[in-house]
Amino acid sequence: MILSDADILERLEAGDLVVDPLDDPELQIQPASVDLRLGREFLEFQRTNIPCIHPNSEDEVDDYVTETLVEDGDDFILHPGDFVLGTTHERVEIPADLIAHVEGRSSLGRLAVVVHATAGLCDPGYRGQITLELSNLGSAPVALTPGMRISQLTFTELKTPAERPYGSDRGSKYQDQDGPQASRIQSDDEFGGDQLERGD
Ligand SMILES: Nc1ccn([C@H]2C[C@H](O)[C@@H](COP(=O)(O)OP(=O)(O)OP(=O)(O)O)O2)c(=O)n1
């Protein structure tokens, strides 16, 4: 079951679902979603000196990105073909019996701005800001202004609460992230590895 505006408000008031700060609930709470605003930090991949990003490399992906902080009154210009990481201004806490989906807003989609290139799921138990995978599929640069409503979160109730919510497990490498977080895929190995053995 997907939560409606009334359900979302009820869960926010109960305090187990958190969207913080929610400065303008009337504007941000939509019929079945919550609009989230763009934060001011961005991570961009350096285009030089990267031989290849290898998930099994010892190098952290953080070594390959540069951070930009957009000052008050400034915009971040997303050029055609660019891919950058941004962040929601809001921090969320998803209770164990809900899963949240990060969706783009139609108004930005119509400008060819995609908010999550692939991953758009916030696990039950997840806490933190949400890293946005921003790309511009169009042919015109688009100005992104910190504070603009950039994405929306929908919430689906699980049949039963997760037994091992995000954060209780040995993975959970993005729990409590603050600002855009580059991929930590390299730490997959220490959590059991994703490689097949010969004969698998
Ligand atoms: N666009 C997104 C999608 C997800 N998340 C956050 C919320 C998720 O609960 C958490 C982990 O997402 P995934 O499970 O998709 O990521 P991984 O499987 O790579 O990480 P892990 O091994 O930690 O589960 O990251 C985010 O910040 N931005």
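What the table shows:
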read-out	value
Dipole axis of the chain (+1 Lys, Arg; -1 Asp, Glu on Cβ), positive-most option in V142, V84, P161	V142
Sorted by Cβ neighbour density within 10 Å, fewest at the top, the residues H89, H116	H116, H89
Alpha-carbon Rg with Dmax, taken over the chain, Å	17.8, 58
Where the Cα pairs of the range 84-200 fall when distances are cut into 10 Å bins, in %	13, 38, 31, 16, 3, 0
Size of the range 60-127 as Cα extents on the principal axes (Å, biggest first)	38, 33, 25
Cα coordinate range in the range 3-82, projected on the principal axes (Å, largest first)	51, 35, 21
Likely footprinting exposure, D123, D75, fewest C-beta neighbours within 10 Å first	D75, D123
Sequence ranges 124-134, 140-150, 63-73, ranked by mean other-Cβ count within 10 angstrom, highest first	124-134, 140-150, 63-73
Percent RCO, i.e. relative contact order, over the chain, from Cα pairs under 8 Å lying at least 6 residues apart	28
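Computed from the coordinates by the stated procedures, all read-outs in this text should not be read as laboratory data. In this text the structure is predicted, and so the values were computed from the model without any measurement. Counting neighbours? That spans all protein chains shown, and the Cβs are built from the backbone with ideal geometry, glycine included.
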